[in-house]
Amino acid sequence: MRIPEDRLRRLELKVTGRLDGMLGGEHLGLLPGPGSELAEARAYQPGEDDVRHMDWSVTARTAVPHVRDVIADHELEAWALVDLSPSMDYGTAEYLKRDLAVAALAAVGFTATRLGDRVGAYLMTGPTLRRRPARAGRSRLYGLLREVESAPSEPGPLTLADAITALDRGQRRRGLRVVISDFLDASDWERPLRRMAARHQVLAVEIIDPRELELPATGMIEFADPETGAVQEFLLNARVAEDYQRAAAAQRAGNAAALRRAGAAHLVLRTDRDWVTDIARFALRRRRLGGRA
């Protein structure tokens, strides 16, 4: 299915118009980048600052840990890994999870292409991993967004860990890496993500539907696993619903902890929320933590 041109233009307007307006015209990107222009040194904040930004000369001179911020350069290339496995075609609120994957890629892509930078992508469709080379230009990004919207999703042996490893090994040039997924994959994706974050700036976009967090006690109900197609009947009473809610909360907390350990920035988008507002709040929070109000 081909996305109509006017729909893509509306999506672009949301990113370049509304998002820019919410960020107050300081559109340096969604993350403070590893640029070369140094800012002022300031006191190190445990738990908030990256120790890789430690200014050892100031620290030695003052006997107080200091970090030195860098003003973001825009990378020549940004690469995104987009999870298009069957669970991403789920949604019970305003959007499907795949819709938010398109929106997240658009937010990264339109920000980069406005500056003449190139955007490439790996599309994880289940059986295969499609690589789309980094290209500059609005029309190229439109084509990539259309493919993310319409690419078929099938169950397959490819795991999120496999896909992250392929992105890391395939693109060695230092830059921005964005992983867009619901992170429901049970593979050990933390390890390859940590390796990638050691060389690149990594943003993990976790996409959530509210029905994945809690279920109503509705009695007998059939559940279908979108990844395997298996169907099983459950008695969904109050106790089962409470157990499910606790397990879902633990799984999401585990994801957040794994992303934190890996050194990735973590943006959560929900199918029942305004994604533009959530992205703007995330960008502003990251800038404050980076010393740039």
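Descriptive notes on the structure:
- Close pairs (7 angstrom Cβ cut-off, 6 or more residues apart or separate chains): at negative phi and open to solvent by less than 80 Å² (accessible area, probe 1.4 Å) in segment 219-237, of a type in the set (A, V, I, L, M, F, W, C) and not in a strand (DSSP E or B) anywhere: Leu236/Leu215; Leu236/Ala217; Asn237/Ala217
- Selection within segment 203-230 - part of a strand (DSSP E or B) and not aliphatic (A, V, I, L, M): Glu206, Gly219, Glu222, Phe223
- One residue from Arg135, Arg68 being under 24 Å from Thr165 (Cβ atoms) and modelled with pLDDT under 95: Arg135
- Qualifying residue in segment 98-113 (condition: over 17 Å from the mean Cα position of the chain (by Cα), at pLDDT below 95 and open to solvent by less than 60 Å² (accessible area, probe 1.4 Å)): yes
- In the set (1) among the β-branched types (Val, Ile, Thr); (2) in contact (Cβ under 8 Å) with a residue 60 or more places away in the chain; (3) open to solvent by 80 Å² or more (accessible area, probe 1.4 Å), the condition left unmet by Val179 is number (3).
- In this entry, Arg246 is excluded by the filter for residues that are outside any loop (DSSP other than H, G, I, E, B), open to solvent by 50 Å² or more (accessible area, probe 1.4 Å), without any contact (Cβ under 8 Å) to a residue 40 or more places away in the chain and closer than 30 Å to His53 by Cβ.
- Filter result for Ala258 (closer than 24 Å to Thr92 by Cβ and either aliphatic (A, V, I, L, M) or in contact with a Leu (Cβ under 8 Å, 6 or more places away or on another chain) (or both)): no
- With respect to the conditions (1) touching a helix residue (DSSP H, G or I) at 6+ places or on another chain (Cβ under 8 Å); (2) more than 18 Å from Thr16 (Cα to Cα); (3) not in a loop (DSSP other than H, G, I, E, B), Ala103 lacks only one, and its number is (2).
- The residues of segment 258-278 that are in a helix (DSSP H, G or I), in contact with a helix residue (DSSP H, G or I) (Cβ under 9 Å, 6 or more places away or on another chain) and either open to solvent by 10 Å² or more (accessible area, probe 1.4 Å) or closer than 19 Å to Arg18 by Cα (or both), listed by number, are Arg261, Trp275, Val276, Thr277.
- The set of residues in segment 3-53 being surrounded by 10 or more Cβ atoms within 10 Å (Cβ to Cβ), at pLDDT below 60 and either part of a helix (DSSP H, G or I) or out of contact with any strand residue (DSSP E or B) (no Cβ under 9 Å at 6 or more places or on another chain) (or both) consists of Gly24, Glu26, His27.
- Looking across segment 145-155, the residues that are open to solvent by less than 40 Å² (accessible area, probe 1.4 Å) and small (Gly, Ala, Ser) come down to Ala151, Ser153.
- Residue check, Leu81 buried (at least 22 other Cβ atoms within 10 Å of the Cβ), touching a residue at least 12 places away in the same chain (Cβ under 8 Å), in contact with a strand residue (DSSP E or B) (Cβ under 9 Å, 6 or more places away or on another chain) and part of a strand (DSSP E or B): yes
The values are calculated or read from the model by the stated rules, or taken from the named source; none is laboratory data. Computed from a prediction, not measured in an experiment: that's the story for all the values here. We place every Cβ from the backbone using ideal geometry, glycine too, and count neighbours over all the protein chains shown. With ligands, DNA and RNA removed, areas are computed over all heavy atoms of the protein, side chains included. Shrake-Rupley method; radii C 1.70, N 1.55, O 1.52, S 1.80 Å.
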